[in-house]
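Remarks on the structure that follows.
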Amino acid sequence: MDVENVEREHIISMRVENRSGVLARVAGLFSGRGYNIESLTVAPTLDATISLMTIVTKGDARIIEQILKQLNKLVDAISVVDLTERAHIDRDMAIIKVTTTPETRAEVFRIADIFRARVMDSTNTMYTLEVTGPGRKVEAMIYQLRSLGIEEVIRAGRIAVAREPYGADTT
Amino acid sequence: MMLNGSQIFIESLKREGVDVIFGLPGGVVLKIFDALHQQSDVKVVLTRHEQGAGHMAEGYAKATGRPGVALVTSGPGMTNIVTPLADAYMDSVPIVVFTGQVPTQLIGNDAFQEADNIGISRPCTKHNFLVRDVKDLARTIREAFHIATTGRPGPVLVDIPKDVSINTAEFDYPETVNLRGYDPDPGDDKTLITRAAEAICQAKRPIIYVGGGAVFSNAADEVKALAEIAHIPVDMTLMGLGVFPASHPLSLGMLGMHGSYTANMAIHNADLVIAVGSRFDDRVTGKTSEFCPKAKIIHIDIDPTSIRKIRDIEVHIPILGDVKAVLTELTQALKVSIDGNKKDLREPWWNQLHEWTEQHPLTYSQSDDEAIKPQYVIDRLYQLTTEKDPIVATDVGQHQMWAAQYFKLEHPRRWLTSGGLGTMGFGFPAAMGAQEAYPGRLVLCVTGDGSFQMNLQELATAVLYKLPVKIVIINNHYHGMVRQWQDLFYEGRYASSHLSGLPDYVKLAEAYGAVGLRATSPSDVDQVIQEALHTDGPVLMDFEVSRSENVYPMIPAGGANHEMLLEDPPHLGQAATSSVEAPETVTLS
């Protein structure tokens, strides 16, 4: 298969003007041109006039190239970076409510421990767990808990940042 | 200087060099119209419908290269101008549309004549603004004009709530624009220009495929210089017509769905395609997987999203930049590196091109005892007016394609047509916009009996403002292009394409105070055109033409560029799908 045609997940980090309507421009661009949004987070940066959006999307090389170009073309987009193309760290967070029985309670707790999740709330029949980590880790934990009875999952959506190069200060 | 919002609006337009705005008032823009009424620097052309205002602004912009301006009210005023916005967005026309909005404190309350102007126009503008505070008005207008006219041009909408037009602020028009997210000039890549020059030197069968981008970039001279220095034939897109002289020996005319046989065969068999300000639209490429299968492609465009947009079309040398600047450098590079006259290397190519043209020239037949052929009307119109260097606006459909084929243009900005969106109703108001900009010039509107009805209310505006547009209706009593497709692909079932109930166009013109003329036989054609040319004011010419004539050549949708229908297939309207297959391969030394 042609490498160009392989669909891959990409994490796009973009700095935008912190104005009303910017989110609609980005979301409208994706829906209008038929691109996927897997997740999207947005929050202000240290500079109150700028917001940072992290968009997780899927597509082959051609589609990702178009998405990046189209995003860059938005007047309110200050910078657009495809983090997938470089070393980066990404984090997702999920709050998971798991139904428990006396038989499964210990197992749920053990899985939470393995994934370094925190118990936020506990009742006789339910644990509410908080897990943070790379997207894959969060998915793995949800996968393991599924057979034990998940009541509800709320995910924050991915955020990501580029890694600093090693030895940057010595070269 | 303290001014109210309406005064700031006018002062800002004056700073932008705006001399005319097209528009229609309503409740929330009354203050602005009142201020316009009390001055004479900016003329107001009152249209009969907001769509007319939008297309007039487009026609003005296309003909002059300066931004066209429209002003309409909130709600229905705004929704009526959505079509011109979408049209201008597709065809990269710099217009700035000002819409009224309900007072800021009422926004979101479903107030009278409220619509979400920003939300509705977002996908069909290059950018849009809601001005919430009169203090931001001047700066926003400055930014709107900057965005509309730079980079790849396009429509910008500025939404002005009623209270913003009334409140006062210190007027200070900014000298510069500071938009950190907007960089209209990407520069260009010198190494790619060198590579492009090398490819051009080596090509045996090169072709220039030039589109509207070269018109907007004012690059007609540069296109000509490139073609002439390297002896390269030129294909033009519908939007590019006029940017290269139709009479020039290097011109092959228009390519695409209804392009000339030679233009399409040339791009299909080329070994090098130099795409200049064109975007590989589906009406040009046909089946993308078979588009110029033997060619290396150089693509010069200012819009990065246009480059490598079409999945199946590989671009070998993408050059991001302003067409005029890139072509200047490219021609310079060629002057340095070109070894001898490229005429010899390309002689076999030119022999082939000439052979194609001899085999299948653009042609029609007209005898005296049959109905008028639509092509004959365009041909005669061209012959009788070309000396006056007219501006030609068209609507959309068969007449548009015949005008593109038979009205030969020598200069850019003479051709006003709706390409991307294909907006019926565009032509007449666009012609009026151009006429408003150039009162002394001949402006023709070639339209159809269907298209003209989509904005005929502007006859009143043309008469009132003395805009002497000469309207040519190619009247075949059908939505002709729809009927043609029904002939070819729907076994001749004319579903909703026959236009019964047409008005008497001569009486219609007279009812508005314009002059109406009619031609029903070939011998009338010259006389009607001459009479129109000698009549002051707007004239509507109704040409009753053959109702069954179809546009050829035609590449059926989804076909490749060498698979052209050249005439009505036998048994038209029954099972007519066979095509006249041209030779696939051309062997050239």
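The values are calculated or read from the model by the stated rules, or taken from the named source; none is laboratory data. Model, not experiment: these values are computed from the prediction. A quick note on method: Cβ atoms are made from the backbone with ideal geometry, for glycine too, and the neighbour counts reach across all protein chains shown. We work out accessible area using only protein heavy atoms, side chains counted, and drop any ligands, DNA or RNA first. Shrake-Rupley method; radii C 1.70, N 1.55, O 1.52, S 1.80 Å.
For the subset of region A:55-65 comprising residues that are away from every other protein chain (no Cβ under 12 Å) and surrounded by 16 or more Cβ atoms within 10 Å (Cβ to Cβ), which member is nearest to B:Leu179 (Cα to Cα)? Outline the logic, then answer.
Going residue by residue through region A:55-65, those that are away from every other protein chain (no Cβ under 12 Å) are A:55-58.
Okay, now just the ones that are also surrounded by 16 or more Cβ atoms within 10 Å (Cβ to Cβ), so A:55-57.
Details: A:Ile55: 23, A:Val56: 27, A:Thr57: 27 Å.
Among residues in region A:55-65 that are away from every other protein chain (no Cβ under 12 Å) and surrounded by 16 or more Cβ atoms within 10 Å (Cβ to Cβ), the one nearest to B:Leu179 (Cα to Cα) is A:Ile55.
Listed residues A:Thr99, A:Thr104, A:Thr45; which is farther than 22 Å from B:Arg122 by Cβ and within 14 Å of chain B (Cβ to nearest Cβ)?
A:Thr45
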Q: Determine, yes or no, whether B:Thr461 is open to solvent by less than 10 Å² (accessible area, probe 1.4 Å), touching a Ser or Thr at 6+ places or on another chain (Cβ under 9 Å) and under 30 Å from B:Ser523 (Cα atoms).
A: no
Q. Only one residue in A:Arg91, A:Arg86 is open to solvent by 50 Å² or more (accessible area, probe 1.4 Å), farther than 22 Å from B:Lys126 by Cβ and at pLDDT 95 or above. Which one?
A. A:Arg91
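Among the residues of region B:440-451, is there at least one that is buried (at least 24 other Cβ atoms within 10 Å of the Cβ) and polar (S, T, N, Q)? Spell out how you get there, then give the answer.
Step one: filter region B:440-451 for residues buried (at least 24 other Cβ atoms within 10 Å of the Cβ), giving B:443-451.
From what is left, the residues that are polar (S, T, N, Q) are B:447, B:451.
Within region B:440-451, one or more residues are buried (at least 24 other Cβ atoms within 10 Å of the Cβ) and polar (S, T, N, Q).
Residues are listed down the side, and each one gets a yes or a no for (1) in the same structural domain as B:Ala61 (by TED's automatic domain parsing); (2) within 15 Å of the chain's Cα centre (by Cα); (3) under 24 Å from B:Arg380 (Cβ atoms):
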{"position": "B:His411", "(1), (2), (3)": "no, yes, yes"}
{"position": "B:Ala431", "(1), (2), (3)": "no, yes, yes"}
{"position": "B:Ala437", "(1), (2), (3)": "no, no, no"}
{"position": "B:Tyr465", "(1), (2), (3)": "no, no, no"}
{"position": "B:Ile474", "(1), (2), (3)": "no, no, yes"}
{"position": "B:Arg483", "(1), (2), (3)": "no, no, yes"}
{"position": "B:Pro503", "(1), (2), (3)": "no, no, no"}
{"position": "B:Arg518", "(1), (2), (3)": "no, no, yes"}
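Could you check how many residues of region B:141-191 are β-branched (Val, Ile, Thr) and either part of a loop (DSSP other than H, G, I, E, B) or modelled with pLDDT under 95 (or both)? Even if it seems obvious, please write down each step before you answer.
Filtering region B:141-191 down to residues β-branched (Val, Ile, Thr) leaves B:141, B:147, B:149-150, B:156, B:158, B:160, B:164, B:166, B:168, B:176-177, B:191.
Then drop every residue that is not either part of a loop (DSSP other than H, G, I, E, B) or modelled with pLDDT under 95 (or both), which leaves B:150, B:176-177, B:191.
So the count comes out to 4.
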Q: Give region B:293-308 a look and list any residue that's more than 27 Å from B:Lys204 (Cα to Cα) and not hydroxyl-bearing (Ser, Thr, Tyr), or say none.
A: B:Ile302, B:Asp303, B:Pro304
Q) Could you list, in sequence order, the residues of region B:141-150 that are more than 9 Å from every other protein chain (Cβ to nearest Cβ) and open to solvent by 10 Å² or more (accessible area, probe 1.4 Å)? A) B:Arg142, B:His146, B:Thr149, B:Thr150
(Q) Of everything in region B:412-434, what is open to solvent by 10 Å² or more (accessible area, probe 1.4 Å) and not in a loop (DSSP other than H, G, I, E, B)? Give them in sequence order. (A) B:Trp415
Q) Among the residues of region B:272-301 satisfying the criterion of being open to solvent by less than 40 Å² (accessible area, probe 1.4 Å) and within 14 Å of chain A (Cβ to nearest Cβ), which is nearest to B:Ser92 (Cα to Cα)? A) B:Asp301
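Quick check: anything in region B:207-225 assigned to a helix (DSSP H, G or I), without any contact (Cβ under 8 Å) to a residue 60 or more places away in the chain, crowded, with 18+ Cβ neighbours inside 10 Å and away from chain A (no Cβ under 14 Å)? Quick ask: steps written out before the conclusion?
In the first step, residues of region B:207-225 are kept if they are assigned to a helix (DSSP H, G or I); the result is B:212-216, B:220-225.
From what's left, without any contact (Cβ under 8 Å) to a residue 60 or more places away in the chain: B:221, B:224.
This time we only want the ones that are crowded, with 18+ Cβ neighbours inside 10 Å, so: B:224.
Okay, now just the ones that are also away from chain A (no Cβ under 14 Å), so B:224.
Looking for residues that are assigned to a helix (DSSP H, G or I), without any contact (Cβ under 8 Å) to a residue 60 or more places away in the chain, crowded, with 18+ Cβ neighbours inside 10 Å and away from chain A (no Cβ under 14 Å), one finds at least one in region B:207-225, hence yes.
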Q: Of the conditions (1) open to solvent by 10 Å² or more (accessible area, probe 1.4 Å); (2) on the phi > 0 side of the Ramachandran plot, B:Lys324 clears all except one; give me its number.
A: (2)
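Does A:Ala43 satisfy the condition of being over 27 Å from B:Asp312 (Cβ atoms), part of a helix (DSSP H, G or I) and either open to solvent by 60 Å² or more (accessible area, probe 1.4 Å) or without any contact (Cβ under 8 Å) to a residue 40 or more places away in the chain (or both)?
When the stated conditions are applied, A:Ala43 does not pass them.
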Q. What residue, of B:Asn80, B:Asn4, is among the polar types (S, T, N, Q) and closer than 19 Å to B:Phe171 by Cα?
A. B:Asn4
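For the subset of region B:201-231 comprising residues that are of a type in the set (Val, Ile, Thr) and modelled with pLDDT of 95 or more, which member is farthest from B:Ala275 (Cα to Cα)?
Looking only at region B:201-231, we keep the residues that are of a type in the set (Val, Ile, Thr), and these are B:207-208, B:210, B:215, B:223, B:229.
Checking which are modelled with pLDDT of 95 or more leaves us with B:207-208, B:210, B:215, B:223.
On the way: B:Ile207: 8, B:Ile208: 6, B:Val210: 6, B:Val215: 14, B:Val223: 11 Å.
Ranking the qualifying residues of region B:201-231, first place goes to B:Val215.
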Q) Does A:Arg110 satisfy the condition of being open to solvent by 70 Å² or more (accessible area, probe 1.4 Å), away from chain B (no Cβ under 14 Å) and either free of Cβ contacts under 8 Å to residues at least 12 places away in the same chain or among the hydrophobic types (A, V, I, L, M, F, W, C) (or both)? A) yes
Q | Criterion (part of a helix (DSSP H, G or I) and within 24 Å of the chain's Cα centre (by Cα)) met by exactly one of B:Arg279, B:Arg283 | A | B:Arg283
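Please find, among B:Ser251, B:Ser260, the residue that is over 22 Å from B:Glu329 (Cα atoms), free of Cβ contacts under 8 Å to residues at least 40 places away in the same chain, more than 14 Å from chain A (Cβ to nearest Cβ) and crowded, with 18+ Cβ neighbours inside 10 Å.
Working: B:Ser260 fails: free of Cβ contacts under 8 Å to residues at least 40 places away in the same chain.
None of the others qualify; the one that does is B:Ser251.
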Q.
With over 30 Å from A:Thr123 (Cα atoms), of a type outside the set (Lys, Arg) and either open to solvent by 50 Å² or more (accessible area, probe 1.4 Å) or away from chain B (no Cβ under 14 Å) (or both) as the only criterion, which of A:Leu52, A:Leu29, A:Leu74, A:Leu68 stands out?
A. A:Leu52
Q.
Could you check region B:160-185 and list, in sequence order, the residues that are within 14 Å of another protein chain (Cβ to nearest Cβ) and among the β-branched types (Val, Ile, Thr)?
A. B:Val177
Q: May I ask you to list the residues in region B:120-140 that are at the interface with chain A (Cβ under 10 Å from one of its Cβ atoms), assigned to a helix (DSSP H, G or I) and charged (D, E, K, R)?
A: B:Arg122
Q. In region A:109-119, is there at least one residue being closer than 27 Å to A:Tyr35 by Cα and out of contact with any helix residue (DSSP H, G or I) (no Cβ under 7 Å at 6 or more places or on another chain)?
A. no
Q) Restricting the first residue to region A:51-78 and requiring it to be of a type in the set (Ser, Thr, Tyr), which pairs with a second residue that is assigned to a helix (DSSP H, G or I) and open to solvent by 10 Å² or more (accessible area, probe 1.4 Å) meet a Cβ separation below 7 Å and a spacing of at least six or different chains? A) none
